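Below is one structure, written out as structure tokens; the observations come after it.
The values are calculated or read from the model by the stated rules, or taken from the named source; none is laboratory data. Note that the structure is a prediction, hence the values are computed from the model and not measured. Note that we place each Cβ from the backbone using ideal geometry, even for glycine, and neighbour counts take in every protein chain shown.
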Amino acid sequence: MGLGHCEGLMEDDVYGSIASTEELMMVKTAYASDGVVDRRILSSIITPTPMDPLRALQIKWCVNGSAPKIVSSMVRKRDFVYVESSGIVMNHS
């Protein structure tokens, strides 16, 4: 869960945050420099389709290996299992 402000279009943000394959996860890491050194999709519950490309529900695992050099000898790599969900809801009022 995150909260913040970002300049740009919502579509750009949503597209940049979705990685429905392990290859796209690697591309996202390359562009974002997020420190992820390994990643896997454990389960795809809902996969994107051509009609609904931004709808997905997946269980993912990643290893974060980045730490500032000054503390890298004290900080170990950490792994995470998380549920990633994306989609768009339209209110027709």
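Can you find a residue that is at pLDDT below 90, assigned to a strand (DSSP E or B) and among the charged types (D, E, K, R) anywhere in the range 61-69?
Among the residues of the range 61-69, not one is at pLDDT below 90, assigned to a strand (DSSP E or B) and among the charged types (D, E, K, R), which makes the answer no.
Kindly provide the set of residues from the range 39-52 that are out of contact with any Gly (no Cβ under 8 Å at 6 or more places or on another chain) and either part of a strand (DSSP E or B) or surrounded by 12 or more Cβ atoms within 10 Å (Cβ to Cβ) (or both), ordered by number. Before the answer, list the steps.
First, pick out the residues of the range 39-52 that are out of contact with any Gly (no Cβ under 8 Å at 6 or more places or on another chain): 39-51.
Hits for the range 39-52 are Arg39, Arg40, Ile41, Leu42, Ser43, Ser44, Ile45, Ile46, Thr47, Pro48.
Taking the range 70-93, which residues are closer than 19 Å to Ala30 by Cα and modelled with pLDDT under 75?
None; the set is empty.
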